[in-house]
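Trainee: This is the structure I have questions about; it appears just below.
The values are calculated or read from the model by the stated rules, or taken from the named source; none is laboratory data. Everything numeric in this text was worked out from a predicted model, so none of it was measured. Positions of Cβ are backbone-derived with ideal geometry, glycine not excepted, and every protein chain shown enters the neighbour counts. Surface accessibility is based on the protein's heavy atoms, side chains included, excluding ligands, DNA and RNA. Shrake-Rupley method; radii C 1.70, N 1.55, O 1.52, S 1.80 Å.
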Amino acid sequence: MDFYAGEHHATNVGRIFRPDGEPLTPNWKHLPIGYHGRSSTVVVSGTDVVRPRGQRKGKDDPVPVFGPSVRLDIEAELAFVVGGGTSLGTSVPVDEATGHLFGVALFNDWSARDVQAWEYVPLGPFLGKSFASSMAAWITPLAALERARVALPPQDPEPLPYLSGRPENLFGLDLTMEVRLNGTLVSRPPYRAMYWSPTQMLAHLTVNGASLRSGDLFASGTVSGTQPQERGSLLELTWNGTEPLRLADGSSRTFLQDGDTVTITATAPGPAGGVLRLAEVTGTVRPAT
């Protein structure tokens with residue numbers, strides 16, 4: 001499952017694609033928006049990512065065309081790994097959700113923005129997301145992040161009762177990511193800015209009776225902060241391609257080129273006052289087959 005739990009990312013995307021309307025959709029602050037994805041194309045860090053193909057249609061194109069994506073992007077996310085299954089027809093309350101959160105791992109949810117833009121109305125992402133998502137090779141137990149827990153940003157309006165719980169069970173994580181493109185640091189997204197708690201995400205995904213299995217995976221959605229240098233996708237960092245990034249080798253990027261390598265790392269307060277470093281997630285783009 002992939003959520004959309006970052007208010008700053010959702011707001012940026014809304015401003016890019018709906019400049020004359022409200023940036024957040026009416027449902028956004030009432031529930032953790034998400035969709036189901038393919039587990040078979042979650043790949044371990046270090047696996048090359050082949051540029052996907054699909055239909056795309058620019059705003060001035062009379063008809064769609066088929067071919068390799070020309071707007072390949074990243075999404076810096078945090079994945080949560082479930083521990084402990086439940087029975088079909090039951091749900092997990094917020095106050096019990098921590099008991100089903102085994103650990104976290106850095107996650108890059110590669111996105112073909114041009115394919116996604118043409119296909120997603122009305123049912124949401126499909127080919128623009130399903131070709132690959134990269135996950136770190138090592139899971140950090142949630143227990144190791146006890147010192148990294150922080151309060152959520154204020155939630156207004158107050159969520160419905162099934163998304164409410166005791167304050168200690170509604171938390172964010174003081175985790176700072178670093179995104180590097182071909183070695184150049186391009187962003188430092190702060191996870192503590194995320195609007196929805198992982199416990200609320202898990203409560204929401206089970207409230208209809210959907211069961212859990214150990215090893216289930218759900219991702220946070222793109223992590224972005226309030227500042228331009230804290231945006232977790234190229235869509236935001238280049239403002240939909242209108243503000244190219246300059247890399248250390250003198251080249252510029254709006255979206256990813258073949259041969260580009262993206263690496264995401266993160267640190268958080270660790271046990272005994274130390275710094276905890278999460279396992280990195282990295283991947284290199286290869287040409288479409």
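Trainee: What are the residue pairs meeting all of these: first residue in segment 266-289, first residue within 20 Å of Leu106 (Cα to Cα), second residue among the aromatic types (Phe, Trp, Tyr) and open to solvent by 30 Å² or more (accessible area, probe 1.4 Å), Cβ atoms under 9 Å, and 6 or more apart or on different chains?
Mentor: Listed pairs, sorted by first residue: Leu278/Trp138; Ala279/Trp138.
Trainee: Mind listing whichever residues of segment 31-43 are of a type outside the set (S, T, N, Q) and exposed (fewer than 13 other Cβ atoms within 10 Å of the Cβ)?
Mentor: His36, Arg38, listed by residue number.
Trainee: Something else now. Could you tell me how many of the residues in segment 262-289 are over 23 Å from Glu75 (Cβ atoms) and outside any loop (DSSP other than H, G, I, E, B)?
Mentor: 5
Trainee: Can you name every one of the strands (runs of 3 or more DSSP E) wholly within segment 31-130 that holds 3 or more residues which are modelled with pLDDT of 95 or more and closer than 19 Å to Val223 by Cα?
Mentor: So the answer is 76-82, 101-108.
Trainee: Look through segment 46-67, keep the residues that are among the β-branched types (Val, Ile, Thr) and closer than 16 Å to Ala117 by Cβ, and return whichever of them is least open to solvent (accessible area, probe 1.4 Å).
Mentor: Val65
Trainee: Something else: Scanning for something farther than 17 Å from Leu235 by Cα and among the aromatic types (Phe, Trp, Tyr), does segment 18-29 turn up at least one residue?
Mentor: There is at least one residue in segment 18-29 that is farther than 17 Å from Leu235 by Cα and among the aromatic types (Phe, Trp, Tyr).
Trainee: Of these, Ser197, Ser164, which one is in contact with a strand residue (DSSP E or B) (Cβ under 6 Å, 6 or more places away or on another chain) and among the hydroxyl-bearing types (Ser, Thr, Tyr)?
Mentor: Just a single option satisfies the conditions, and that option is Ser197.
Trainee: How many residues does segment 185-236 hold that are polar (S, T, N, Q), farther than 30 Å from Ser87 by Cα and open to solvent by 10 Å² or more (accessible area, probe 1.4 Å)?
Mentor: So the answer is 3.
Trainee: Which ones in segment 145-166 are in contact (Cβ under 8 Å) with a residue 12 or more places away in the chain, part of a helix (DSSP H, G or I) and either open to solvent by 30 Å² or more (accessible area, probe 1.4 Å) or in contact with a helix residue (DSSP H, G or I) (Cβ under 6 Å, 6 or more places away or on another chain) (or both)?
Mentor: Glu146, Arg147, Tyr162, Leu163
Trainee: To continue, here is another question. So which of Gly21, Gly84, Gly103, Gly14 is closer than 27 Å to Phe171 by Cα and open to solvent by 10 Å² or more (accessible area, probe 1.4 Å)?
Mentor: Going through Gly21, Gly84, Gly103, Gly14 in turn, the sole match is Gly84.
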